[in-house]
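Contents: one structure, followed by commentary.
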Amino acid sequence: MTRWLPALIGAALLGACGAPPSTGPAPVQAPVRLERPIPYPVTPPAEYQRAVAAGTRTATGAPGPRYWQNRADYTIRARVIPDQKRMEGSETITYTNNSPNPLPQLHVDLTLNHHAPGVVRNEPAEITGGVEVTRVAVDGEAVAQGGRSGARYVIQGTRMVIVPAAPVAPGATVRIAVDWGFRVPQAGAGGRMGWSEDDLFFFAYWYPAMAVYDDVIGWQTDPFRGTAEFYSDFGSYDVTVEAPPQWIVFGTGTLQNPEQTLAPTILQRYRQAIQSEQVVHVVTAADFGRVTPAGRNGMVAWRFRADSVRDVAYSVTRASNWDARRTSVGDRDGDGRADHAAIHAFWRPSAPRWAHMADYQAHAITFLSDYTGVPYPWPHMTAVEGEGIIGGGMEYPMMTLIGGYTQAGDAALYNVTAHELAHMWVPMIVNVDERRYSWLDEGMTTFHEAQARKDTFPGNPAEMEDRTAYLNTARAGAEGEVMRRSDFHYTGAAYGTASYPKPSTNFVSLRGVLGEATFNRAWRTFMQRWAWKHPYPWDFFNTVEEVAGEDLDWFWRTWFYETWTLDQAVASVTEGPGGATIVIEDRGLAPMPARVTVTRESGETQRVEVPVETWLEGRRSATLTLPRAASPVIRVEIDAENAFPDVDRENNVWARP
């Protein structure tokens, strides 16, 4: 990252290094009086700087020539026991250590231990006992729980740590087998999974999953406390979910055995739907009870395979409509022809607004494939109505769980759909650490949602709604820094604002600073260079600077590290024989360019700008002088384009009395 230094410091350094030795006493200079704080340079933490030095990352924001990431591949078999609200399963994790370091410990996430007694939580949770681990084996050898030496494992909160008999060497692969079970919480993992009305289960964060070991921090060992979300490596999944007959299982990956799991009529509609540009009703209420074969031993086994995903989630339902169609995602494989993804929507008759859900998803997936420059990569996108489990929405690879939205209205349902599907790009493709940097996930997604909403409803005020939400918190003095660790904001309001509307607003402001063409180029560059990788905030900052060719430390410091607000004002306008004199004041702490539109009585307009460098010199006011003209000035307005989040827009305008 390039560095910005105030002019005073730069001049002092030049004088010290470049001037010839003085032969007389040094002149005494009066100190420059700074009228405001000046944003100081952004310095990434030491662990990020070490990654740059090691060549896994670069100062330009691109992955380095020595970039690596580990991989976890899963084979899972699970059984749903609806009457007991229970799931039991076993899995094998094939974990590959692509790092240059031996790994003496292996860390595994047990997210549903959020529901175990005595676990540290940021919010209340139903106590179900958490995850019951009944067997752990490493490379075929059983591992005991506890102990001080030898191969062993220990469970503490939402983390299981396995100590293998020998460290996993660089380039080596280890196989971890785990048997487990749990009672399904009604609204588990902070309302991200559970059951509803005895006819719907949704399984998310339901299996022991490898934690991330990356090139910046090593093992990400932060526990799940219910608020800040997730971070996982990419891998492949071979998942079999057994459920009683007449329960439909659907989720991440491609269904491998539709002929064995769907009744003939349902199978025919399913095949028709995934090739159709129009919605096909695969299952309706008239089909309930006749959707699957009888199965074996009281169970139907549904098998799914997925690759290049960081997680898997599945719905199990027996009374949901099933709508499906396909939608274009652009040229995914570079052959010059449009590719498609299947769209599925599962919804109960109690949520009638969901009759539009398949079309809502189709629009969002097609639009975002184009906007991000990264075509949707997977075979399907599925939405599941989960009223009773969740009120808003939650994302998983190829899946989303959303409330019924019966009272909220059609537009609100589209909005949340666009948001959750936008998560397919961040964090499901651009795979960020949500647990520490929620804004990088939720802020980018909120911004993407706003772009989709504007495309669906021209004139939609999505960006202004985000800005208003941020400004309301800022004016109340209740916000926290965007770059604060996600689980450790002072209040829920501070966490929400710093994660969602403020970073989204920051991106709109950045677009205003750079111009739309440069911003879009930088945005797409970041998405494309970090697809299927683990970016950190400084990778984004550096990428934007490299594409824009500008030092933007002042912007990152102001809007991501501080809670400074913007308040620019037209202090005075006077006209005399020499022309018009306009005084612009910067009354807030956030420096931004002041773009001034001057309107004359004739209707002529003129645009002038106070560059941000004026404020970065420590000034509070700037004077603009316009040549005398035949037509007098009747109006002066700062930021007529409404690009920036000014806390007091009333003082942005001067009008001739």
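The requirement of being aliphatic (A, V, I, L, M) and closer than 20 Å to Asp109 by Cα is not satisfied by Ala165. Could you list, in sequence order, all residues of segment 330-353 that are more than 25 Å from Val283 (Cβ to Cβ) and touching a helix residue (DSSP H, G or I) at 6+ places or on another chain (Cβ under 7 Å)? Across segment 330-353, the qualifying residue is only Gly330. The residue that is surrounded by the fewest Cβ atoms within 10 Å (Cβ to Cβ), counting only those in segment 438-462 that are among the charged types (D, E, K, R) and in contact with a Phe, Trp or Tyr (Cβ under 8 Å, 6 or more places away or on another chain), is Asp455. The set of residues from segment 102-132 being closer than 15 Å to Trp219 by Cβ and surrounded by fewer than 14 Cβ atoms within 10 Å (Cβ to Cβ) comprises Pro102, Pro104. Among (1) assigned to a strand (DSSP E or B); (2) touching a His at 6+ places or on another chain (Cβ under 9 Å); (3) among the polar types (S, T, N, Q), which single condition is Ser236 missing? Unmet for Ser236, out of (1) assigned to a strand (DSSP E or B); (2) touching a His at 6+ places or on another chain (Cβ under 9 Å); (3) among the polar types (S, T, N, Q): (2). Every listed requirement among (1) more than 26 Å from the chain's Cα centre (by Cα); (2) modelled with pLDDT of 95 or more; (3) basic (Lys, Arg) is met by Arg557 save one, (1). In summary, strands (runs of 3 or more DSSP E) completely within segment 37-118 and bearing 3 or more residues that are closer than 23 Å to Ala531 by Cα occur at 71-81, 86-96. Tell me, yes or no, whether segment 333-354 has at least one residue that is assigned to a helix (DSSP H, G or I) and not hydrophobic (A, V, I, L, M, F, W, C). Yes, segment 333-354 contains at least one residue that is assigned to a helix (DSSP H, G or I) and not hydrophobic (A, V, I, L, M, F, W, C). Residues in segment 372-389 that are of a type in the set (Gly, Ala, Ser) and touching a helix residue (DSSP H, G or I) at 6+ places or on another chain (Cβ under 6 Å): Gly373, Ala383. Whether a residue is surrounded by fewer than 18 Cβ atoms within 10 Å (Cβ to Cβ), out of contact with any His (no Cβ under 6 Å at 6 or more places or on another chain), in contact (Cβ under 8 Å) with a residue 40 or more places away in the chain and aliphatic (A, V, I, L, M) was assessed, and Ala72 does not pass this test. The number of residues in segment 404-422 being surrounded by fewer than 24 Cβ atoms within 10 Å (Cβ to Cβ), part of a loop (DSSP other than H, G, I, E, B) and not hydrophobic (A, V, I, L, M, F, W, C) comes to 4. Restricting Thr400, Thr468 to those that are among the polar types (S, T, N, Q), closer than 18 Å to His344 by Cβ and at pLDDT 95 or above reduces the list to Thr400. All of (1) at pLDDT 95 or above; (2) part of a loop (DSSP other than H, G, I, E, B) hold for Pro657 with one exception: (1).
If the condition is being small (Gly, Ala, Ser), closer than 19 Å to Ala450 by Cβ and crowded, with 21+ Cβ neighbours inside 10 Å, then segment 364-392 contributes Ala364, Ser369. Summed over segment 476-498, residues that are β-branched (Val, Ile, Thr), under 17 Å from Val647 (Cβ atoms) and assigned to a loop (DSSP other than H, G, I, E, B) total 1.
Pairing each residue of segment 595-610 that is within 14 Å of Ala580 (Cα to Cα) with any residue that is assigned to a loop (DSSP other than H, G, I, E, B), provided the two are 6+ apart or on different chains, yields C-beta distances under 7 Å for Thr597/Ala640; Arg600/Ala629; Arg600/Ser631; Arg600/Pro632; Glu601/Ser631; Glu601/Pro632. Would you please name the residue that is surrounded by the most Cβ atoms within 10 Å (Cβ to Cβ), looking only at residues in segment 333-355 that are of a type outside the set (Asp, Glu) and more than 27 Å from Thr261 (Cβ to Cβ)? If we take residues in segment 333-355 being of a type outside the set (Asp, Glu) and more than 27 Å from Thr261 (Cβ to Cβ), then Arg353 is surrounded by the most Cβ atoms within 10 Å (Cβ to Cβ).
The values are calculated or read from the model by the stated rules, or taken from the named source; none is laboratory data. Given the structure is predicted, the values throughout are model-derived calculations rather than measurements. Using ideal geometry, Cβ is built from the backbone for each residue, glycine included, and neighbour counts are taken over all protein chains shown.
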